[in-house]
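Some notes on the structure that comes next.
The values are calculated or read from the model by the stated rules, or taken from the named source; none is laboratory data. Please read all numbers here as calculations on a predicted model, not as lab measurements. Backbone-built Cβ (ideal geometry, glycine too); neighbour counts: all protein chains shown.
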Amino acid sequence: MTVKLPGLPTRLPMLPVKVGSAARAVLFDRNIPSQATPAEPKRRRIWEMSGTFHCSIIGTCLTTAELRQILVKIALAGAHKDSDHELHGQAVLLAGRRDHASKLLQKALDRRHRSAISQFGKARNVEDLRNLWASAVQRADIPGAYWAVLTHPLATEDLVRHVFGEVHMLSHLVGAANRADIRRLGELEIETAALQDKVARQQRQLRDAVVSRDATIADLTEALSKAIASRRSAAIDGPGESERETTARLLGELRTRVASQTARCAKMQRRLLRLKAELDLERKQRHSLERRESELRDELESAERSLLRQGPEGQHSSGRSMDLAGTTILYVGGRTNNVVQLRMLSEEYGAKFLHHDGGVDDRSGLLASQVAQADLIYFPVDCVSHNAVAVVKRVARQLGKPYVALRSSGLTSFVSALRRHASARSGKGPNCLQSHR
(Lines give C-alpha, C1' and ligand atoms only; values in the text may rest on other atoms or scores of the structure.)
Protein backbone atom coordinates (compact mmCIF):
# COMPACT_ATOMS: atom_id res chain seq x y z
CA MET A 1 0.00 0.00 0.00
CA THR A 2 1.34 3.43 -0.88
CA VAL A 3 0.49 6.97 0.24
CA LYS A 4 1.07 10.31 -1.48
CA LEU A 5 2.35 12.98 0.87
CA PRO A 6 1.57 16.68 0.28
CA GLY A 7 4.22 18.41 -1.78
CA LEU A 8 5.93 15.17 -3.02
CA PRO A 9 5.37 14.00 -6.60
CA THR A 10 6.42 10.40 -5.95
CA ARG A 11 4.57 7.62 -4.24
CA LEU A 12 6.40 5.96 -1.34
CA PRO A 13 5.64 2.58 0.21
CA MET A 14 3.88 2.78 3.52
CA LEU A 15 5.75 0.94 6.27
CA PRO A 16 3.73 -1.12 8.70
CA VAL A 17 4.33 1.15 11.65
CA LYS A 18 1.95 2.37 14.30
CA VAL A 19 0.76 5.89 13.69
CA GLY A 20 1.14 7.64 16.97
CA SER A 21 0.85 11.22 18.10
CA ALA A 22 4.15 12.15 16.43
CA ALA A 23 3.00 10.79 13.05
CA ARG A 24 -0.31 12.58 13.32
CA ALA A 25 1.58 15.79 14.06
CA VAL A 26 3.52 15.37 10.82
CA LEU A 27 0.38 14.76 8.71
CA PHE A 28 -1.56 17.72 10.22
CA ASP A 29 1.24 20.13 10.86
CA ARG A 30 -0.29 23.54 11.47
CA ASN A 31 2.89 25.28 10.34
CA ILE A 32 2.29 24.22 6.73
CA PRO A 33 1.01 27.38 4.93
CA SER A 34 -2.59 27.17 3.76
CA GLN A 35 -4.25 28.92 0.82
CA ALA A 36 -4.93 32.62 1.58
CA THR A 37 -8.55 33.62 2.08
CA PRO A 38 -9.64 36.03 -0.69
CA ALA A 39 -10.30 39.58 0.48
CA GLU A 40 -13.94 40.56 0.86
CA PRO A 41 -15.09 42.81 -2.04
CA LYS A 42 -15.71 46.46 -1.19
CA ARG A 43 -18.82 48.50 -1.81
CA ARG A 44 -18.92 50.58 -4.99
CA ARG A 45 -18.24 54.30 -4.88
CA ILE A 46 -20.39 56.79 -6.73
CA TRP A 47 -17.59 57.84 -9.09
CA GLU A 48 -17.04 54.17 -10.02
CA MET A 49 -20.60 53.83 -11.35
CA SER A 50 -21.79 54.63 -14.85
CA GLY A 51 -23.03 58.17 -15.36
CA THR A 52 -26.43 56.73 -16.25
CA PHE A 53 -27.16 56.15 -12.55
CA HIS A 54 -25.97 59.51 -11.18
CA CYS A 55 -29.14 61.41 -12.04
CA SER A 56 -31.45 58.93 -10.32
CA ILE A 57 -29.13 58.61 -7.29
CA ILE A 58 -28.89 62.37 -6.71
CA GLY A 59 -32.59 62.94 -7.30
CA THR A 60 -33.84 59.96 -5.27
CA CYS A 61 -31.37 59.44 -2.42
CA LEU A 62 -30.61 63.06 -1.39
CA THR A 63 -32.94 65.92 -0.46
CA THR A 64 -32.53 69.31 -2.13
CA ALA A 65 -31.52 70.86 1.20
CA GLU A 66 -28.74 68.31 1.73
CA LEU A 67 -27.54 68.72 -1.84
CA ARG A 68 -27.43 72.51 -1.56
CA GLN A 69 -25.51 72.24 1.73
CA ILE A 70 -22.87 70.01 0.09
CA LEU A 71 -22.46 72.32 -2.90
CA VAL A 72 -22.17 75.35 -0.61
CA LYS A 73 -19.53 73.49 1.40
CA ILE A 74 -17.36 72.99 -1.70
CA ALA A 75 -17.86 76.68 -2.60
CA LEU A 76 -19.63 75.98 -5.90
CA ALA A 77 -20.50 79.20 -7.73
CA GLY A 78 -24.20 80.00 -7.50
CA ALA A 79 -24.95 77.31 -4.89
CA HIS A 80 -26.83 79.83 -2.71
CA LYS A 81 -29.13 81.25 -5.38
CA ASP A 82 -29.43 78.71 -8.21
CA SER A 83 -32.65 76.73 -8.60
CA ASP A 84 -33.00 73.14 -7.40
CA HIS A 85 -32.95 71.90 -11.00
CA GLU A 86 -29.66 73.68 -11.76
CA LEU A 87 -28.03 72.39 -8.57
CA HIS A 88 -29.21 68.88 -9.44
CA GLY A 89 -27.50 69.10 -12.83
CA GLN A 90 -24.25 70.36 -11.27
CA ALA A 91 -24.27 67.52 -8.72
CA VAL A 92 -24.80 64.89 -11.43
CA LEU A 93 -21.72 66.18 -13.25
CA LEU A 94 -19.64 66.26 -10.05
CA ALA A 95 -20.62 62.71 -9.06
CA GLY A 96 -18.62 61.19 -11.89
CA ARG A 97 -15.34 62.82 -10.85
CA ARG A 98 -13.13 61.32 -8.18
CA ASP A 99 -12.45 64.47 -6.20
CA HIS A 100 -13.46 66.23 -3.00
CA ALA A 101 -17.02 66.92 -4.19
CA SER A 102 -17.80 63.31 -5.14
CA LYS A 103 -16.33 62.08 -1.85
CA LEU A 104 -18.62 64.47 0.06
CA LEU A 105 -21.58 63.12 -1.90
CA GLN A 106 -20.50 59.55 -1.06
CA LYS A 107 -20.21 60.38 2.65
CA ALA A 108 -23.56 62.15 2.72
CA LEU A 109 -25.31 59.22 1.03
CA ASP A 110 -23.67 56.66 3.33
CA ARG A 111 -24.51 58.70 6.41
CA ARG A 112 -28.14 59.28 5.41
CA HIS A 113 -28.79 55.62 4.50
CA ARG A 114 -26.61 53.92 7.12
CA SER A 115 -29.40 51.67 8.38
CA ALA A 116 -30.33 50.46 4.87
CA ILE A 117 -26.68 49.74 4.06
CA SER A 118 -26.37 47.72 7.26
CA GLN A 119 -29.54 45.77 6.49
CA PHE A 120 -28.52 44.96 2.90
CA GLY A 121 -25.00 44.12 4.08
CA LYS A 122 -26.39 40.92 5.62
CA ALA A 123 -27.24 39.56 2.16
CA ARG A 124 -25.09 36.61 1.08
CA ASN A 125 -26.22 36.25 -2.52
CA VAL A 126 -28.13 38.00 -5.28
CA GLU A 127 -31.42 36.39 -4.31
CA ASP A 128 -31.15 37.85 -0.81
CA LEU A 129 -30.58 41.29 -2.33
CA ARG A 130 -33.60 40.89 -4.61
CA ASN A 131 -35.84 39.88 -1.68
CA LEU A 132 -34.63 42.81 0.43
CA TRP A 133 -35.33 45.20 -2.44
CA ALA A 134 -38.85 43.80 -2.98
CA SER A 135 -39.57 44.23 0.74
CA ALA A 136 -38.32 47.84 0.66
CA VAL A 137 -40.56 48.63 -2.33
CA GLN A 138 -43.60 47.28 -0.47
CA ARG A 139 -42.74 49.56 2.47
CA ALA A 140 -42.17 52.51 0.09
CA ASP A 141 -38.65 52.83 1.50
CA ILE A 142 -37.03 53.51 -1.86
CA PRO A 143 -34.08 55.95 -1.33
CA GLY A 144 -32.05 53.92 1.18
CA ALA A 145 -32.69 50.58 -0.50
CA TYR A 146 -31.79 52.01 -3.93
CA TRP A 147 -28.42 53.31 -2.71
CA ALA A 148 -27.70 50.08 -0.79
CA VAL A 149 -28.37 47.88 -3.84
CA LEU A 150 -26.36 49.96 -6.31
CA THR A 151 -23.30 50.01 -4.05
CA HIS A 152 -23.50 46.40 -2.86
CA PRO A 153 -20.55 44.25 -4.08
CA LEU A 154 -22.82 41.28 -4.85
CA ALA A 155 -25.25 43.23 -7.07
CA THR A 156 -25.25 41.85 -10.62
CA GLU A 157 -25.91 43.77 -13.81
CA ASP A 158 -29.38 42.21 -14.17
CA LEU A 159 -30.36 43.18 -10.63
CA VAL A 160 -29.04 46.73 -11.03
CA ARG A 161 -30.93 47.11 -14.32
CA HIS A 162 -34.12 45.82 -12.68
CA VAL A 163 -33.82 48.19 -9.69
CA PHE A 164 -32.93 51.17 -11.91
CA GLY A 165 -35.95 50.49 -14.13
CA GLU A 166 -38.36 50.44 -11.19
CA VAL A 167 -37.01 53.72 -9.80
CA HIS A 168 -37.12 55.29 -13.26
CA MET A 169 -40.78 54.36 -13.73
CA LEU A 170 -41.67 55.99 -10.40
CA SER A 171 -40.79 59.38 -11.91
CA HIS A 172 -43.46 58.90 -14.58
CA LEU A 173 -46.16 58.55 -11.92
CA VAL A 174 -45.84 62.28 -11.26
CA GLY A 175 -47.45 63.11 -14.59
CA ALA A 176 -50.36 60.80 -13.85
CA ALA A 177 -51.06 62.76 -10.64
CA ASN A 178 -51.91 65.98 -12.55
CA ARG A 179 -55.58 65.08 -12.90
CA ALA A 180 -55.82 64.29 -9.20
CA ASP A 181 -54.19 67.67 -8.44
CA ILE A 182 -56.82 69.49 -10.48
CA ARG A 183 -59.61 67.70 -8.62
CA ARG A 184 -57.88 68.47 -5.36
CA LEU A 185 -57.80 72.17 -6.34
CA GLY A 186 -61.58 72.29 -6.44
CA GLU A 187 -61.82 70.56 -3.07
CA LEU A 188 -59.28 72.98 -1.59
CA GLU A 189 -61.26 75.96 -2.84
CA ILE A 190 -64.35 74.67 -1.04
CA GLU A 191 -62.36 73.93 2.12
CA THR A 192 -60.74 77.37 1.96
CA ALA A 193 -64.11 79.09 1.75
CA ALA A 194 -65.32 77.08 4.74
CA LEU A 195 -62.19 77.97 6.71
CA GLN A 196 -62.60 81.64 5.88
CA ASP A 197 -66.18 81.55 7.20
CA LYS A 198 -64.98 79.72 10.29
CA VAL A 199 -62.23 82.26 10.95
CA ALA A 200 -64.71 85.12 10.50
CA ARG A 201 -67.05 83.51 13.03
CA GLN A 202 -64.18 82.99 15.48
CA GLN A 203 -63.13 86.61 15.09
CA ARG A 204 -66.67 87.79 15.80
CA GLN A 205 -66.87 85.54 18.85
CA LEU A 206 -63.51 86.77 20.10
CA ARG A 207 -64.54 90.40 19.60
CA ASP A 208 -67.83 89.79 21.40
CA ALA A 209 -65.98 88.04 24.24
CA VAL A 210 -63.59 90.98 24.66
CA VAL A 211 -66.47 93.46 24.61
CA SER A 212 -68.39 91.36 27.11
CA ARG A 213 -65.36 91.08 29.36
CA ASP A 214 -64.79 94.85 29.33
CA ALA A 215 -68.45 95.48 30.02
CA THR A 216 -68.40 93.01 32.91
CA ILE A 217 -65.32 94.64 34.40
CA ALA A 218 -66.96 98.08 34.10
CA ASP A 219 -70.18 96.81 35.76
CA LEU A 220 -68.27 95.18 38.60
CA THR A 221 -66.17 98.27 39.13
CA GLU A 222 -69.27 100.42 39.24
CA ALA A 223 -71.04 97.98 41.60
CA LEU A 224 -68.00 97.93 43.87
CA SER A 225 -67.87 101.70 43.96
CA LYS A 226 -71.58 101.93 44.77
CA ALA A 227 -71.29 99.28 47.49
CA ILE A 228 -68.37 101.06 49.12
CA ALA A 229 -70.17 104.39 48.97
CA SER A 230 -73.35 102.84 50.41
CA ARG A 231 -71.46 101.23 53.27
CA ARG A 232 -69.72 104.46 54.11
CA SER A 233 -72.96 106.42 54.16
CA ALA A 234 -74.72 103.78 56.27
CA ALA A 235 -71.96 103.37 58.81
CA ILE A 236 -72.58 106.17 61.34
CA ASP A 237 -70.18 104.92 64.01
CA GLY A 238 -67.28 104.20 61.62
CA PRO A 239 -66.43 101.65 58.94
CA GLY A 240 -65.72 98.75 61.28
CA GLU A 241 -64.84 95.17 60.30
CA SER A 242 -68.02 94.52 58.20
CA GLU A 243 -67.07 97.06 55.50
CA ARG A 244 -63.61 95.56 55.06
CA GLU A 245 -65.05 92.04 54.68
CA THR A 246 -67.55 93.21 52.06
CA THR A 247 -64.83 95.01 50.11
CA ALA A 248 -62.58 91.94 50.20
CA ARG A 249 -65.40 89.69 49.03
CA LEU A 250 -66.29 91.97 46.15
CA LEU A 251 -62.65 92.25 45.13
CA GLY A 252 -62.32 88.46 45.19
CA GLU A 253 -65.36 88.01 42.99
CA LEU A 254 -64.09 90.69 40.63
CA ARG A 255 -60.67 89.02 40.32
CA THR A 256 -62.27 85.63 39.70
CA ARG A 257 -64.49 86.92 36.93
CA VAL A 258 -61.65 88.90 35.35
CA ALA A 259 -59.38 85.80 35.40
CA SER A 260 -62.11 83.68 33.82
CA GLN A 261 -62.68 86.22 31.04
CA THR A 262 -58.92 86.57 30.47
CA ALA A 263 -58.46 82.80 30.17
CA ARG A 264 -61.35 82.60 27.75
CA CYS A 265 -59.92 85.41 25.65
CA ALA A 266 -56.46 83.74 25.57
CA LYS A 267 -58.05 80.46 24.47
CA MET A 268 -59.92 82.20 21.67
CA GLN A 269 -56.73 83.95 20.54
CA ARG A 270 -54.81 80.66 20.39
CA ARG A 271 -57.61 79.09 18.39
CA LEU A 272 -57.68 82.05 16.03
CA LEU A 273 -53.90 81.80 15.44
CA ARG A 274 -54.22 78.08 14.68
CA LEU A 275 -57.01 78.67 12.20
CA LYS A 276 -55.05 81.46 10.51
CA ALA A 277 -52.06 79.11 10.10
CA GLU A 278 -54.31 76.45 8.55
CA LEU A 279 -55.82 79.05 6.23
CA ASP A 280 -52.37 80.26 5.10
CA LEU A 281 -51.31 76.69 4.34
CA GLU A 282 -54.47 76.05 2.32
CA ARG A 283 -53.91 79.29 0.40
CA LYS A 284 -50.36 78.30 -0.52
CA GLN A 285 -51.53 74.89 -1.72
CA ARG A 286 -54.35 76.47 -3.70
CA HIS A 287 -52.03 78.98 -5.39
CA SER A 288 -49.61 76.20 -6.34
CA LEU A 289 -52.41 74.12 -7.84
CA GLU A 290 -53.84 77.17 -9.61
CA ARG A 291 -50.49 77.76 -11.31
CA ARG A 292 -50.31 74.13 -12.38
CA GLU A 293 -53.91 74.22 -13.59
CA SER A 294 -53.13 77.35 -15.60
CA GLU A 295 -50.21 75.63 -17.32
CA LEU A 296 -52.31 72.55 -18.12
CA ARG A 297 -55.19 74.69 -19.36
CA ASP A 298 -52.82 76.66 -21.59
CA GLU A 299 -51.46 73.45 -23.10
CA LEU A 300 -54.99 72.11 -23.58
CA GLU A 301 -56.05 75.29 -25.37
CA SER A 302 -53.02 75.02 -27.65
CA ALA A 303 -53.96 71.43 -28.50
CA GLU A 304 -57.57 72.43 -29.18
CA ARG A 305 -56.47 75.26 -31.46
CA SER A 306 -54.26 72.82 -33.36
CA LEU A 307 -57.23 70.50 -33.85
CA LEU A 308 -59.52 73.33 -34.95
CA ARG A 309 -57.04 74.31 -37.65
CA GLN A 310 -57.59 70.93 -39.33
CA GLY A 311 -60.15 70.63 -42.12
CA PRO A 312 -62.94 68.07 -42.27
CA GLU A 313 -60.64 65.51 -43.90
CA GLY A 314 -57.72 66.00 -41.49
CA GLN A 315 -55.96 68.62 -43.67
CA HIS A 316 -54.68 71.82 -42.08
CA SER A 317 -56.42 74.99 -43.15
CA SER A 318 -54.52 77.55 -45.13
CA GLY A 319 -54.79 80.33 -42.56
CA ARG A 320 -52.28 80.05 -39.75
CA SER A 321 -52.94 81.37 -36.25
CA MET A 322 -49.22 81.75 -35.62
CA ASP A 323 -46.58 83.17 -37.91
CA LEU A 324 -43.00 82.14 -37.10
CA ALA A 325 -41.55 82.79 -40.53
CA GLY A 326 -37.80 83.32 -40.43
CA THR A 327 -37.41 81.65 -37.01
CA THR A 328 -35.06 78.70 -36.57
CA ILE A 329 -36.08 76.43 -33.68
CA LEU A 330 -33.75 73.90 -32.05
CA TYR A 331 -35.41 71.10 -30.06
CA VAL A 332 -32.98 69.21 -27.79
CA GLY A 333 -34.01 65.83 -26.36
CA GLY A 334 -37.57 64.56 -26.41
CA ARG A 335 -38.94 61.26 -27.64
CA THR A 336 -38.01 59.92 -31.05
CA ASN A 337 -41.58 59.13 -32.06
CA ASN A 338 -42.59 62.78 -31.54
CA VAL A 339 -39.87 64.40 -33.67
CA VAL A 340 -41.82 64.09 -36.95
CA GLN A 341 -44.90 65.79 -35.44
CA LEU A 342 -42.76 68.53 -33.88
CA ARG A 343 -41.09 69.20 -37.22
CA MET A 344 -44.46 69.32 -39.04
CA LEU A 345 -45.88 71.76 -36.48
CA SER A 346 -42.86 74.04 -36.72
CA GLU A 347 -42.82 74.05 -40.51
CA GLU A 348 -46.56 74.62 -40.58
CA TYR A 349 -46.02 77.90 -38.70
CA GLY A 350 -43.21 78.85 -41.05
CA ALA A 351 -40.28 78.03 -38.73
CA LYS A 352 -37.21 75.99 -39.56
CA PHE A 353 -36.84 72.97 -37.25
CA LEU A 354 -33.56 71.53 -35.96
CA HIS A 355 -33.31 68.55 -33.61
CA HIS A 356 -30.65 67.05 -31.37
CA ASP A 357 -31.27 63.81 -29.49
CA GLY A 358 -30.09 65.33 -26.22
CA GLY A 359 -27.93 62.49 -24.97
CA VAL A 360 -28.52 59.29 -26.95
CA ASP A 361 -25.49 60.07 -29.13
CA ASP A 362 -22.71 62.12 -27.56
CA ARG A 363 -22.49 64.90 -30.13
CA SER A 364 -21.71 67.97 -28.02
CA GLY A 365 -19.83 69.63 -30.91
CA LEU A 366 -22.85 69.31 -33.21
CA LEU A 367 -25.14 70.58 -30.44
CA ALA A 368 -23.02 73.72 -29.96
CA SER A 369 -23.13 74.50 -33.68
CA GLN A 370 -26.91 73.95 -33.77
CA VAL A 371 -27.38 76.34 -30.85
CA ALA A 372 -25.42 78.95 -32.81
CA GLN A 373 -27.73 78.47 -35.83
CA ALA A 374 -31.00 78.59 -33.85
CA ASP A 375 -33.03 81.64 -32.87
CA LEU A 376 -34.83 79.76 -30.08
CA ILE A 377 -33.95 76.58 -28.18
CA TYR A 378 -36.41 74.23 -26.42
CA PHE A 379 -35.67 71.19 -24.26
CA PRO A 380 -38.13 69.07 -22.19
CA VAL A 381 -36.93 68.57 -18.62
CA ASP A 382 -38.33 65.02 -18.44
CA CYS A 383 -36.43 63.62 -21.45
CA VAL A 384 -32.98 65.18 -21.91
CA SER A 385 -29.51 64.50 -20.54
CA HIS A 386 -27.82 66.81 -18.06
CA ASN A 387 -24.78 67.17 -20.31
CA ALA A 388 -26.93 68.41 -23.19
CA VAL A 389 -28.69 70.94 -20.94
CA ALA A 390 -25.33 72.20 -19.69
CA VAL A 391 -24.05 72.68 -23.26
CA VAL A 392 -27.26 74.48 -24.31
CA LYS A 393 -27.15 76.88 -21.36
CA ARG A 394 -23.44 77.62 -21.72
CA VAL A 395 -23.47 78.27 -25.48
CA ALA A 396 -26.84 80.11 -25.40
CA ARG A 397 -25.60 82.48 -22.70
CA GLN A 398 -22.42 83.17 -24.63
CA LEU A 399 -24.35 83.96 -27.82
CA GLY A 400 -27.33 85.67 -26.15
CA LYS A 401 -29.83 83.10 -27.45
CA PRO A 402 -33.09 82.46 -25.54
CA TYR A 403 -33.78 78.93 -24.32
CA VAL A 404 -36.90 77.47 -22.66
CA ALA A 405 -37.24 74.41 -20.43
CA LEU A 406 -40.55 72.71 -21.33
CA ARG A 407 -42.62 70.99 -18.66
CA SER A 408 -42.81 67.73 -20.61
CA SER A 409 -41.89 66.17 -23.94
CA GLY A 410 -45.50 66.08 -25.13
CA LEU A 411 -46.79 67.93 -28.17
CA THR A 412 -49.07 70.19 -26.11
CA SER A 413 -46.15 71.68 -24.18
CA PHE A 414 -44.34 72.43 -27.44
CA VAL A 415 -47.40 73.99 -29.10
CA SER A 416 -48.10 76.11 -26.02
CA ALA A 417 -44.53 77.39 -26.02
CA LEU A 418 -44.73 78.23 -29.75
CA ARG A 419 -47.97 80.13 -29.18
CA ARG A 420 -46.42 82.17 -26.36
CA HIS A 421 -43.43 82.98 -28.54
CA ALA A 422 -45.67 83.99 -31.45
CA SER A 423 -47.78 86.20 -29.14
CA ALA A 424 -44.67 87.88 -27.76
CA ARG A 425 -43.29 88.34 -31.27
CA SER A 426 -46.49 90.01 -32.52
CA GLY A 427 -46.75 92.19 -29.41
CA LYS A 428 -50.06 90.62 -28.30
CA GLY A 429 -48.77 88.97 -25.17
CA PRO A 430 -45.98 89.07 -22.59
CA ASN A 431 -42.54 87.96 -23.61
CA CYS A 432 -42.29 84.62 -21.84
CA LEU A 433 -39.19 83.49 -23.74
CA GLN A 434 -36.48 85.67 -22.34
CA SER A 435 -32.92 84.42 -22.29
CA HIS A 436 -31.84 82.77 -19.04
CA ARG A 437 -28.55 84.50 -18.28
Query raised in the report: Residues of segment 260-287 being among the small types (Gly, Ala, Ser) and more than 16 Å from Ala194 (Cα to Cα), which ones?
Result: Ser260, Ala263, Ala266
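Could you say whether any residue in segment 33-51 is modelled with pLDDT of 75 or more, in a loop (DSSP other than H, G, I, E, B) and aromatic (Phe, Trp, Tyr)? Break it down stepwise before answering.
Residues of segment 33-51 modelled with pLDDT of 75 or more: 41-51.
Still in the list and also in a loop (DSSP other than H, G, I, E, B): 41-45, 49-51.
Next, only the ones that are aromatic (Phe, Trp, Tyr) stay: none.
So far as segment 33-51 goes, no, none of its residues is modelled with pLDDT of 75 or more, in a loop (DSSP other than H, G, I, E, B) and aromatic (Phe, Trp, Tyr).
Quick one: would you say Leu87 is crowded, with 16+ Cβ neighbours inside 10 Å, at pLDDT 90 or above and of a type in the set (A, V, I, L, M)?
Details: crowded, with 16+ Cβ neighbours inside 10 Å: yes; at pLDDT 90 or above: no; of a type in the set (A, V, I, L, M): yes.
Against the criterion (crowded, with 16+ Cβ neighbours inside 10 Å, at pLDDT 90 or above and of a type in the set (A, V, I, L, M)), Leu87 does not qualify.
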**Report entry** Residue ranges of helices (runs of 4 or more DSSP H) in segment 81-163 with at least 1 members of a type in the set (Phe, Trp, Tyr), under 29 Å from Val381 (Cβ atoms) and touching a Cys at 6+ places or on another chain (Cβ under 8 Å)
**Finding:** 142-151
Query - Qualifying position, being assigned by TED's automatic domain parsing to the domain that holds Glu191, surrounded by 11 or more Cβ atoms within 10 Å (Cβ to Cβ), modelled with pLDDT of 90 or more and assigned to a helix (DSSP H, G or I), among Glu295, Glu290, Glu278 - result: Glu278
Requested in this report: Name the residue, out of Thr216, Thr221, that is surrounded by 15 or more Cβ atoms within 10 Å (Cβ to Cβ) and modelled with pLDDT under 90.
Outcome: Thr216
